[in-house]
Amino acid sequence: MEKQEIDRLLEADLAHQLHPQFHVRDHQDPVLFVRGQGALLWDAQGREYIDGLSSLWNVAVGHGRRELAEVAAKQMEELAFSNSYTGYANVPSINLAERLISLVYPNLRAVFFCNSGSEAVEGAIKMARFYWHLQGKPAKTTIIARREAYHGGTLGATAATGLPAFHKGFGPLAEGFARAETCYPYRCGHCTGVDDCDLACADDIEQVIVDAGPETVAAVIAEPVHGAGGVIPPTPGYWPRLREICDRHDVLLIADEVITGFGRTGRWFALEHWGVQPDIMSVAKAITSAYIPLAAFIISERIHEAILAAPADAKFMHGYTNAGHPTACAVALRNLQIIEEEGLVANAEAMGDRLQRGLRSLLELSPVGEVRGLGLLAAVELTADREARTPFDAAENVGGRVLREMRQRGVISRAKGDSILLAPPLVTTPEQIDRIVEVVGDAIRAVRGV
Ligand SMILES: Cc1ncc(COP(=O)(O)O)c(C=O)c1O
């Protein structure tokens, strides 16, 4: 693209568009993407980048998939949209609901479609409360969410989010949420690492339930592996303990699999790693690999039975215009077929192993405090003092500077503070994985002079 045209576009962008998580200081030199193929992206000046975070953890099958464009075009010509409100249905949404139920945890039975991960989380929360309302326990409304959690940008999802930066300036936050500890062995008040985790972090959730009174608690919501909060996998016993705690107190367990769903961790869904089933689960992102917006929350047989048996005056009065959008559902079906036919869940596991191994080799660099991850989800946490695990002074913006150096070397991604986050597409090649590792190492060396 001509420089003049690029300059005109970027000027218009700054003049008329507000971007997510916006501050004008951070948008002085944006990358203007124009094309993608596989794990690669190109900007308007023709520079090539490896998409180190699958854009926003979502482009699972990689960029430039003609088959997804074709299925969307065909569905748009046939029936681009129809209303899915009660009393109406369309073919792709029925087929997708059936397909999802065949893929997810065996106890799950019915799907509610929406457009974004935030909407999926909102719906899951409303469904948990509504379930207890139907059970004659309307006082069970509190939602317990964890420190470091990211659940989305709508008001309920913001209240569930456990990262203070997302609360600033938006108060009062939605009522009916309580905060608990999370499983973050590297920075935990109870243990010093994965090997000596005694699950006191899970027991903290039980304590919050007991303190609130189980008769007032609707659900615990948690990401199987924290994503935007720093890619933090739990210790092996954590999720089974969480399930036990929820069962003991008759509290629903909501798994927010917006990032972890559809192969990212080397399993179709992340709780498969620990043999746990949630009562409700939220999914989005890789459901269509972001070729078109779509999300869903999925409920257990027990909750579905309650909805089916509800009296006439107990409608689940929740919905969105685009729920069950036929074009989005048709794209999702084809996207899931690609993941299955190309063995991308197994590839995520294999490439994930390669990525984790490569990143662990960076532990020889003194600022690298911890390397962690699961499947094709990884983080490199940088520290000022490795022994004491002291974080860098935030004013130094070490994470941001490392990202910038990575970008100059052709890998883009995001950071949480000084944790560099990585989640490349499930189609990333071994050579591209190795290049990501090399670039992360070089960027750390460039910033810290090590
Ligand atoms: C775990 C989790 N839940 C919910 C959301 C919100 O999804 P969306 O941005 O599509 O609204 C995100 C977004 O990154 C997420 O990571």
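Kindly provide the trypsin sites (Lys or Arg not before Pro) of the stretch 251-341 that DSSP labels as loop, not H, G, I, E or B, and whose Cβ sees at most 15 other Cβ atoms within 10 Å. Could you put the intermediate results ahead of the total?
Working: sites: R264, R267, K285, R302, K315, R334; in loops: R264, R267, K315.
Within the stretch 251-341, the qualifying trypsin sites (Lys or Arg not before Pro) (loop, at most 15 other Cβ atoms within 10 Å) are K315.
Within the stretch 1-80, the GluC sites (Glu not before Pro) that combine a DSSP coil assignment with at most 16 other C-beta atoms in a 10 angstrom radius are E2.
Residues considered: Q277, Q21, Q432. Largest GNM mean-square fluctuation over the chain, using C-alpha springs under 10 Å, is found at Q21. Cα centroid separation, the stretch 189-214 to the stretch 349-378: 27 Å. With contributions of -39500 (n - 2.57) from each DSSP H run of at least four residues, the per-residue ellipticity at 222 nm computed over the chain stands at -11500 deg cm²/dmol. The magnitude of the dipole of the stretch 367-450, with charges of +1 and -1 set on the Cβ of Lys/Arg and Asp/Glu and taken from the Cα centre, is near 220 debye. Of the beta bridges in the chain, as assigned by DSSP with both residues counted there, near 65 percent are antiparallel.
Using +1 on the beta carbon of Lys and Arg, -1 on that of Asp and Glu, and nothing else charged, what's the dipole of the stretch 356-407 about the Cα centre, debye to 20? The partial results should precede the final answer.
Numbers: 8 positive and 8 negative charges, 60 e Å.
So the dipole magnitude of the stretch 356-407 works out to roughly 280 debye.
Put the Cα centre of the stretch 45-106 next to the Cα centre of the stretch 289-348 and the gap is 11 Å. Can you classify the chain as rounded, prolate or oblate using the Cα gyration tensor, where a ≥ b ≥ c are the square roots of its eigenvalues, rounded means a/c under 1.5, and otherwise it's prolate if a/b beats b/c and oblate if not? It comes out oblate by the Cα gyration axes.
Give the shape of the stretch 160-279 as rounded, prolate or oblate, defined through the alpha-carbon gyration tensor: a ≥ b ≥ c are the square roots of its eigenvalues, a/c under 1.5 means rounded, and otherwise the shape is prolate if a/b is larger than b/c and oblate if not. Cα axes put the stretch 160-279 in the rounded bin. Between the amide H of V217 and those of T141, T142, distances stay under 5 Å, these residues lying 5 or more places away or on another chain, with hydrogens modeled in the peptide plane.
Result for the chain in a Gaussian network model with C-alpha springs under 10 Å: among A174, A15, A290, the largest mean-square fluctuation is at A15.
Work out the P(r) tail for the stretch 56-102: percent of alpha carbon pairs separated by more than 17 Å, whole number.
Of all Cα-Cα pairs in the stretch 56-102, 54 percent lie more than 17 Å apart.
Scanning residues 5 or more positions from D256 or on other chains, those with amide H under 5 Å from its amide H are A222, E223, S282, with H placed 1.01 Å from N in the peptide plane.
List the GluC sites (Glu not before Pro) within the stretch 94-141 that fall in a DSSP loop (any state other than H, G, I, E or B) and whose Cβ has at most 13 other Cβ atoms within 10 Å. Mind showing how you got there, number by number?
On the way: sites: E98, E119, E122; in loops: none.
Listed in order of number, the matching sites amount to none.
Computed from backbone phi, the HN-Hα couplings of the stretch 334-351 come to 5, 5, 5, 4, 4, 4, 6, 5, 8, x, 6, 5, 5, 5, 4, 5, 5, 5 Hz, rounded to whole numbers (Karplus: 6.51 cos²θ - 1.76 cosθ + 1.60, θ = phi - 60°; Gly and Pro given as x). Within the assembled protein chains, the solvent-accessible surface assigned to S118 is about 20 Å², based on a 1.4 Å probe.
The values are calculated or read from the model by the stated rules, or taken from the named source; none is laboratory data. Computed from a predicted model, the values in this text were never measured in an experiment. FYI the Cβ positions are ideal-geometry reconstructions off the backbone, even for glycines, and counts take in every protein chain you see. Ligands, DNA and RNA are stripped out before the accessible areas are found, and what is left, the full protein with its side chains, is counted by its heavy atoms. Shrake-Rupley method; radii C 1.70, N 1.55, O 1.52, S 1.80 Å.
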